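All remarks here apply to the structure that follows.
The values are calculated or read from the model by the stated rules, or taken from the named source; none is laboratory data. Note that the coordinates shown come from a computational prediction; the quantities given were computed from them, not determined experimentally. When we count neighbours, we look across all protein chains shown, and the Cβ atoms used for this are built from the backbone with ideal geometry, even at glycine. In case anyone asks, the SASA skips ligands and DNA or RNA and just uses the protein heavy atoms, side chains included. Shrake-Rupley method; radii C 1.70, N 1.55, O 1.52, S 1.80 Å.
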Amino acid sequence: MCGIVGVLGSHEAAPILVEALKRLEYRGYDSAGIATVNDGALARRRAVGKLVNLSDLLVHDPLRGKSGIGHTRWATHGAPSVKNAHPHKAGPVAVVHNGIVENYRELRAELADHGVGFVTDTDTETVALLTEQYMNEGLSPVEAAFKTIDQLQGAFALAFLFDGQDDLIVAARKGSPLAIGHGDGEMYVGSDAIALAPLTDRITYLEEGDRAVLTRTTLEIRTEAGELANREIRQIQLDRTRVDKGNHKHYMAKEIAEQPIVVAEAIRSYLPTGGDQVVLPGDDLDFAKLDRLTMVACGTAFYACLTAKYWFEQLAKMPVEVDIASEFRYREPPISDRTLALFVSQSGETADTLAALRYCEGKADKIVSVVNVPESSIARESDLALPIHAGVEIGVASTKAFTCQLSVLLMLALKAAADRGTLTDEELADHAAALRGLPTVLNAALDQNESIRQSAQRLSEARDVLFLGRGLMYPLAMEGALKLKEISYIHAEGYASGELKHGPIALIDKHMPVVVMAPRDAVFDKTVSNMQEVMARKGKVILVSDDDGIADAEDGVWSTIRMPHVHTSLAPILYSVPAQLLAYHTAVAKGTDVDQPRNLAKSVTVE
Ligand code: M6R
């Protein structure tokens, strides 16, 4: 992962770099560092842990200079430590890197043969050392950087800064995104446009293999083959303000609470007032002409896809495959030209999802993405990008993006049903009315915060937790387990409740809490039977259901969480709220770092 920035400016670079890095901290927070050129001299500061540690260091040990590069790290090669923190420096060059240099062992071996020594455990150090070697051989900084880039295999976004060069940054991308920002007599580079938002809204996106030479007033881009490239400058609309936590203790709490508003916005965007028809931008997508839908994503977005499979199959009678991007991309699945390939990603930068999308190019009928960041690589490389309107999501644990993804996917399934004539007008109107009422029931679910907090208090003492669901609630059981493990560090698994007796029931004893997600729907009685099997073995059940469900099945359960009644199709969206709040309050009770849990990053830009 990692985030990189660079600035050739007219003011002190250090505060600008730190502010830009703050906006990239979602990419990793194992260490942070900056390098600047001041009076021709290249110097750097680096600190382990979150960016605040680098800011503290800079207070005591400032770094002057109007040009610089910066980095926030998610460790791949080498433990989080000062020596492994970027920028990596070798003689006259400093380098920041997002990605993985896959052939770094070979490059290290070649450098070692030339008597070069190493001080870090990283793959990136080889980039700095190779550049230094080429400069020692007499190449100019730009020639040396380009020659180094030619040697690299793997994925990278790179920025180079040089001793004695106050007006020069060399940048390159392959596999990892990189944006160049155009200022007024200033030039910037960043892993994404959001990092540069306070500085400029004029952005050039580098394309695969591009390398760029920046000065304060010029930008020269060359392709991998060395030809001059003309890349457009886009005027982009970005929120320049850094989102705050409002009255909430954590971003995650704020983002959970925002769901009625952002889901309402998502619904309004695709279901115009006064109609029951879902309208897509560009609207030339006709599901009647398609045989199959292939959906690909990672993590929470993958669970959104699994949920959508039920909707597309049940409502639109459409065959659907859902895949984890990291498996899909290497499996070589056959894709027919009557397949719609659909990619779901909050960040729009997830490396495996992007690679899966590229695999489908030229094979599928159309490439559609459901994204939160409209300027992201996945959005830009799709034939049609459908924004989810969740707004900036900062908490590493995805919450409001999940419910917005689900809302957009349900509307897409309704559009498919309308195109394919599998639902009547009355049924479509019924779904549209239910969707418009969703923000109200989401508010009612949020009102259960205190009872959920009490159940979470009990969960916080558990070592392992099971989540059970059937039908539309099965993917949500897995999502609830993912939320709990990523922020509370409690081991959790989500299971289809009918699958329990095929193995996992062996785990049940009086120490095992089991969260059962069960609205009073067509499969409720079956889920309750599975819940009884748990209780017969002393498992402690937290039942999440509506009034009818709780009245029918609350005997003998450990605790209940009461949800409002909702249209069956919408239950996974509504029941996301207790799943998220259970994880949130459990993490708070355990005192973990809710918004930036250990070992994780918000955007996973390496495979
Ligand atoms: O940005 P994306 O939606 O592509 O990210 C996919 C996953 O990395 C992400 O959903 C991850 O699982 C979250 N941390 C879950 O809360």
Nearest 5 is fine: what % of DSSP beta bridges in the stretch 203-329 come out antiparallel, could you say? 60 percent
In whole percent, the fraction of accessible protein surface over the stretch 543-592 that belongs to carbon or sulfur atoms, probe radius 1.4 Å, stands at 42 percent
How big is the chain along each principal axis, measuring the range of its Cα positions in Å and listing the largest first? 80, 52, 44
For the stretch 71-177, run through the trypsin sites (Lys or Arg not before Pro) and keep only the ones in DSSP coil with at most 14 other Cβ atoms within 10 Å of their Cβ. none
Collect residues whose amide H, placed 1.01 Å from N in the peptide plane, falls under 5 Å from the amide H of G65; neighbours closer than 5 in sequence don't count. A13
Descending accessible area (1.4 Å probe), largest on the left, turns D291, D123 into D291, D123
Using a simple spin-label model with points 7 Å from Cα along the Cα→Cβ vector, what separation in nm is obtained for R537 and T218? 7.2 nm
Write down the percent of antiparallel bridges among all DSSP beta bridges whose residues are both part of the chain, to the nearest 5. 60 percent
Hydrodynamic calc, the stretch 1-61: Kirkwood Rh from Cα pairs, then Stokes-Einstein at 37 °C with viscosity 0.692 mPa s, so D in µm² s⁻¹ is 276 µm²/s
Applying the Karplus parametrisation 6.51 cos²θ - 1.76 cosθ + 1.60 with θ = phi - 60° to the phi angles of the stretch 81-92, what ³J(HN,Hα) value in whole Hz is obtained for each residue in order, glycine and proline being reported as x? 7, 5, 5, 8, 6, 7, x, 8, 10, 9, x, x
Residues whose built amide H sits under 5 Å from the amide H of H77, excluding neighbours closer than 5 in sequence, are D123
A correct Karplus calculation of ³J(HN,Hα) over the stretch 508-517, with 6.51 cos²θ - 1.76 cosθ + 1.60, θ = phi - 60°, whole Hz and x for Gly and Pro, returns 6, 8, 5, 8, 9, x, 10, 8, 10, 8
Which shape class, rounded, prolate or oblate, goes with the stretch 3-240 when its Cα gyration tensor gives a ≥ b ≥ c as root eigenvalues, a/c under 1.5 marks rounded, and past that a/b bigger than b/c marks prolate? rounded
Entries in K366/K415; K400/K485; K366/K400; K485/K540; K245/K485; K317/K363 that, when Cα-Cα distance is taken, lie over 20 Å: K366/K400; K245/K485; K317/K363
Neighbour-limited loop hits for trypsin sites (Lys or Arg not before Pro), the stretch 529-595 (at most 15 other Cβ within 10 Å; DSSP other than H, G, I, E, B): R537, K538
In the stretch 391-506 the accessible area split gives carbon plus sulfur, as whole percent at 1.4 Å, a share of 48 percent
Using helices alone, I'd like the mean residue ellipticity at 222 nm for the chain: each DSSP H run of four-plus residues gives -39500 (n - 2.57), total over residue count, nearest 500. -11000 deg cm²/dmol
Sequence-distant residues sharing a close amide H with E207 (under 5 Å, placed H): none
Which loop trypsin sites (Lys or Arg not before Pro) in the stretch 405-470, with loop taken from DSSP, have no more than 10 other Cβ atoms within 10 angstrom of their Cβ? R463
Note down the net charge around R329, summing +1 for each Lys or Arg and -1 for each Asp or Glu among other residues with Cβ under 10 Å from its Cβ. -3
Enumerate lysine pairs in the stretch 3-240 that are 8 or more residues apart or on different chains, then count those whose Cα atoms are under 26 Å apart. 15
Within the chain, which complete DSSP H helices have Cα atoms spanning at least 24 Å along the helix axis and a mean Kyte-Doolittle hydropathy of 0.0 or higher? 299-316, 400-420, 425-446
Measure off 7 Å from each Cα along the Cα-to-Cβ vector at L446 and H114, then give the distance between these two points in nanometres to one decimal. 5.9 nm
Accessible area per residue of the chain at 1.4 Å probe, in Å²? 38 Å²
Between E227 and S81, take the C-beta separation as r, use R0 = 30 Å, and let me know the FRET efficiency to the nearest 0.05. 0.15
Shape category assigned to the stretch 244-307 from the gyration tensor of Cα positions, a/c cut at 1.5: oblate
Would you list which aspartates and glutamates come within 12 Å of K538, measuring only between C-alpha atoms, while excluding same-chain residues fewer than 8 positions from it? D509
Quick one: accessible surface of S10, probe radius 1.4 Å, all protein chains present, in square angstrom to the nearest 10. 60 Å²
The ³J(HN,Hα) series, computed from each phi in the stretch 362-368 with the Karplus coefficients 6.51, -1.76 and 1.60 at θ = phi - 60°, rounded to the nearest Hz and given as x for glycine or proline, is x, 10, 6, 5, 8, 10, 10
